[in-house]
Amino acid sequence: MLPDELKKSVEFSLAAQFENPVVISEIRSIGGGCINDSFSLKTNIGKYFIKYNSASAYPGMFEKEAAGLEILADTKTIEIPEVISSAETGEYAYILLRYIETGLSSRNFWNDFGTKLADLHRNTNDYFGLDHDNYIGSLVQRNTPHADFFSFFISERIEPQLKEARNKGAFSQGETRYFDSLFNALHNIIPVEKPALIHGDLWNGNYMVTSDGTPCLVDPAIYYGHREADIAMTQLFGGFHPEFYHAYNLCWPMEKDWQKRMDIFNLCPLLVHVNLFGGSYAGQVLQIIRQF
């Protein structure tokens, strides 16, 4: 159930923003998340989505998510839920979004999705990273800016997650040495490209189909990175429809043999899963590393 102090905070925030009294008339739990509690809220001025958690356990999580959603929305390339507010009240932190009504995929859904993601990735920057850190799942994601992708990938993506996994006993000291060989080979494997604004956590649970059948992105972990990292993530848990990749490559072709590089980029989310869930993910990481 939504805590009463959160209900009151949302009503007050909406009333102040829209300059009208607001009453929440219906609260429905929404499943699907393993970190936060989520609900749809029906009010006299519209329908909203809220998710909340402990403010002390994940400091700044929803503030960072709100910033990421707004940066994505500012590109005007793909639908993003409108951020109403992110705030703390008592022991809780929450983010409030305008509710997205869902529907069935249009006939051109995957073509539309691939094209719009390519358009999103055309947004660039002078560096790899971001001007602030954020979260990937419940883990802090470091985004310290780097002039080149290789140093960013090693220092801000692989090494922090690998260190945590090593401390948890997921890998032996000898197994971590495999990564040094990969680091030395990266320049010969990954093509040099400009920084691209990427979603950062683009698996099949982080997009929605809107009521008019178009794609909408949620739960970002944005930064300016290599665009193939987003493409790789789409393939990690089953993959998107082939039309998605075809449309993306028509709009902005990836370099030759891009399929062979997907495992390298997916080392990052797999290491995150090692640190969050353990289990077989460590074995998947080692299997990839030994290929290179």
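The values are calculated or read from the model by the stated rules, or taken from the named source; none is laboratory data. No experiment lies behind these values; they were computed from the predicted model shown. Ideal geometry is used to build each Cβ from the backbone, glycine not excepted, and the neighbour counts take in all protein chains shown.
Working only within the stretch 279-291, note down all residues that are touching a helix residue (DSSP H, G or I) at 6+ places or on another chain (Cβ under 9 Å) and either outside the structural domain of Ile136 (by TED's automatic domain parsing) or not aromatic (Phe, Trp, Tyr) (or both).
Scanning the stretch 279-291 gives Gly279, Ala282, Gln284, Val285, Leu286, Gln287, Ile288, Ile289, Arg290, Gln291.
For the stretch 243-292, enumerate the residues that are without any contact (Cβ under 8 Å) to a residue 60 or more places away in the chain and charged (D, E, K, R).
Across the stretch 243-292, the qualifying residues are Lys256, Asp257, Lys260, Asp263.
Kindly check whether there is at least one residue in the stretch 221-244 that is crowded, with 17+ Cβ neighbours inside 10 Å, of a type outside the set (Asp, Glu), modelled with pLDDT of 95 or more and over 19 Å from the mean Cα position of the chain (by Cα).
Checked against the condition, which is being crowded, with 17+ Cβ neighbours inside 10 Å, of a type outside the set (Asp, Glu), modelled with pLDDT of 95 or more and over 19 Å from the mean Cα position of the chain (by Cα), the stretch 221-244 yields no hits at all.
Scan the stretch 141-160 and report the pairs whose first residue is free of Cβ contacts under 8 Å to residues at least 24 places away in the same chain and whose second residue is assigned to a helix (DSSP H, G or I), with Cβ atoms within less than 6 Å and a gap of 6+ or a chain change.
Matching pairs, first to second residue: Arg142/Glu156; Arg142/Pro160; Thr144/Glu156; His146/Phe152.
Between Ile100, Ile35, Ile78, Ile71, which is buried (at least 20 other Cβ atoms within 10 Å of the Cβ), in contact (Cβ under 8 Å) with a residue 24 or more places away in the chain and either under 22 Å from Ala221 (Cβ atoms) or polar (S, T, N, Q) (or both)?
Ile78
Give the residue that is surrounded by the fewest Cβ atoms within 10 Å (Cβ to Cβ), with candidates limited to residues of the stretch 256-282 that are of a type in the set (S, T, N, Q) and in contact with a Leu (Cβ under 8 Å, 6 or more places away or on another chain).
Asn266
Checking the condition in a loop (DSSP other than H, G, I, E, B), modelled with pLDDT under 95 and not assigned by TED's automatic domain parsing to the domain that holds Ala15, which residue from Gly174, Gly169 passes?
Answer to the selection: Gly169.
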